[in-house]
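First comes the structure, then the notes that go with it.
The values are calculated or read from the model by the stated rules, or taken from the named source; none is laboratory data. Note that this is a predicted model, so its numbers are computed, not measured. Note: ideal-geometry Cβ built from the backbone for every residue, glycine included; neighbour counts use all protein chains shown. Protein only, heavy atoms only, side chains kept; ligands, DNA and RNA dropped before computing areas. Shrake-Rupley method; radii C 1.70, N 1.55, O 1.52, S 1.80 Å.
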Amino acid sequence: MKNTFKVAVDGPAGSGKSSISKLAARRLGIKYIDSGAIYRAITLYFLEKSGGSFDSCDASLLGDSFSISQKFTEDGTTYTYLNERDVSNDIRSETVVKNISKISDNRQIREFVNSLLRRWAEEESVIMDGRDIGTVVFPDADVKLYIDASADVRADRRVKEYASMGKTVDVNDIKNQIIIRDDQDRSRGFGALKQADDAVYVDTSFLTKDEVLEKIVQIIKDNAKGI
Ligand code: CDP
């Protein structure tokens with residue numbers, strides 16, 4: 001059997017975990033899975049289905065009327081598909097962010113997503129990022145990382161990210177959204193954001209992307225069997 005390993009990367013919104021995980025995946029020649037994109041796509045699904053607003057969602061719908069997939073290309077881009085439609089850009093909207101906790105707080109939905117993620121990670125080496133990857137999805141991951149940064153730094157990064165998509169946003173609004181989302185992510189009953197006991201903590205507030213990349217690639221090489 002092939003020697004494979006799993007890297008779990010958790011951390012709060014804007015800590016840089018997705019971009020770093022993608023770069024590390026490319027460097028190591030392994031698959032990257034963006035778990036947040038799945039919660040975002042499910043939120044988009046319920047928003048569209050309800051005509052723009054919903055209070056609760058019926059998780060039993062997911063099995064039949066819903067298909068989701070993700071592709072990680074060689075140039076390091078992730079595409080997310082909802083019922084075969086490319087929703088990679090649509091899932092990044094502020095409306096999705098504002099509604100996402102209705103989805104990510106739902107235990108049935110979390111269980112649905114967790115089994116999807118475990119299936120996608122079967123039989124190959126992967127790096128997966130999210131909130132509960134090292135604690136719930138892969139408690140036995142070979143390497144666990146917890147990527148963090150101060151709320152101010154994270155808000156600045158988000159503003160730049162929006163700017164690169166041609167959108168101007170207010171940094172204070174973004175910071176408030178981040179604080180609200182941190183609180184929602186940390187306080188949910190099941191799958192809350194928290195550092196696993198055996199995760200390596202990396203504060204990226206004062207590090208460049210390259211510095212973070214070198215650091216985590218080294219941690220992965222030191223700890224993953226079969227690399
Ligand atoms: O990119 P960013 O850090 O803003 O967020 P994301 O990773 O795309 O995740 C968006 C939201 O999905 C989070 O705020 C969580 O509410 C939820 N999520 C989760 O509950 N569990 C995960 N494993 C990943 C994301």
- Would you please give the residues with an amide H less than 5 Å from that of L145, counting only those at least 5 places away or on a separate chain, with H modeled from the backbone geometry? A8, V9, D10, V200
- Query: According to a simple spin-label model (label point 7 Å from Cα along Cα-to-Cβ), what is the distance in nm between N83 and R186?
  - Reply: 3.8
- Provide the FRET efficiency to the nearest 0.05 for the D55-S205 pair, computing r from the beta carbons and using R0 = 30 Å. 0.25
- aspartates and glutamates whose Cα lies under 19 Å from that of K225, excluding same-chain neighbours fewer than 8 positions away: E122, E123, E124, D140, D142, D198, E214
- Mind checking which lysines have their C-alpha under 21 Å from K17, skipping anything on the same chain fewer than 8 residues away? K6, K31, K71, K98, K144, K160, K175, K194, K209, K215, K221
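Can you pull the percent of Cα pairs in the range 35-123 with separation above 16 Å?
Working: 2035 of 3916 pairs.
Of the Cα pairs, 52 percent sit more than 16 Å apart.
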- Note on the structure: Non-local residues with an amide H under 5 Å from the amide H of I68, with H modelled 1.01 Å from N and Pro and chain starts lacking one, are N83
- Scalar couplings 3J(HN,Hα) for the range 209-221 by Karplus 6.51 cos²θ - 1.76 cosθ + 1.60 (θ = phi - 60°), nearest whole Hz, x for Gly and Pro, are 4, 5, 5, 5, 4, 4, 4, 6, 4, 5, 4, 5, 4
- What list of ³J(HN,Hα) values in whole Hz, one per residue of the range 146-162 in order, does the Karplus curve 6.51 cos²θ - 1.76 cosθ + 1.60 (θ = phi - 60°) give from phi, with Gly and Pro shown as x? 10, 9, 10, 6, 5, 4, 5, 4, 5, 5, 4, 4, 4, 4, 5, 4, 4
- the chain: antiparallel bridges as % of DSSP beta bridges, rounded to 5, reads 30
- Task: Rounded to whole Hz and in sequence order, give me ³J(HN,Hα) for the range 16-23 from the Karplus expression 6.51 cos²θ - 1.76 cosθ + 1.60, θ = phi - 60°, writing x for Gly and Pro.
- Result: x, 5, 5, 5, 5, 5, 5, 5
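How much of the accessible area of the range 45-106, probe 1.4 Å, is carbon plus sulfur, in whole percent? Numbers along the way, then the final one.
Numbers: 1400 of 3370 Å².
Its accessible area is 42 percent carbon and sulfur atoms.
In what order, largest first, do M128, M165 sit by accessible area if the probe radius is 1.4 Å? Before the final figure, lay out the partial values.
Numbers: M128 0, M165 85 Å².
Result, largest first: M165, M128.
Ranked by accessible surface with a 1.4 Å probe, highest first, in what order do Y32, Y45, Y79 come?
Values: Y32 5, Y45 25, Y79 70 Å².
Reading off the accessible areas and sorting them downward yields Y79, Y45, Y32.
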- Note on the structure: With all protein chains in place and a 1.4 Å probe, I20 shows an accessible area in Å² (nearest 10) of 10
- Message: If you average the C-alpha positions of the range 57-71 and of the range 99-164 separately, how far apart do those two centres end up, in angstrom?
- Response: 18
- Report the accessible area of R157, computed with a 1.4 Å probe over the heavy atoms of all protein chains in place, in Å² rounded to the nearest 10. 70
- Just how large is the dipole of the range 35-123 about the Cα centre, in debye to the nearest 20, putting +1 at every Lys and Arg Cβ and -1 at every Asp and Glu Cβ? 240
- Message: At 7 Å along Cα-to-Cβ for each site, give me the label-to-label distance between K167 and K221 in nm.
- Response: 3.7
- Note on the structure: Taking the dipole of the chain about the Cα centre (Lys, Arg +1; Asp, Glu -1; charges at Cβ), the one of A121, I103, L145 that reaches farthest to the positive side is A121
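When the dipole is taken about the Cα centre of the range 82-227, and only Lys, Arg (+1) and Asp, Glu (-1) are charged at their Cβ, what size is it in debye, to the nearest 20?
Taking the Cα centre of the range 82-227 as origin, the dipole is about 400 debye.
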- Message: Just to be sure I understand the model, the point goes 7 Å from the Cα along the line to the Cβ. What's the resulting E124 to D198 distance in nm?
- Response: 2.5
- Accessible surface ranking that places the most exposed of T168, T4 first, with a 1.4 angstrom probe: T168, T4
- Quick one: accessible area per residue over the chain, 1.4 Å probe, rounded to a whole number of Å²? 49
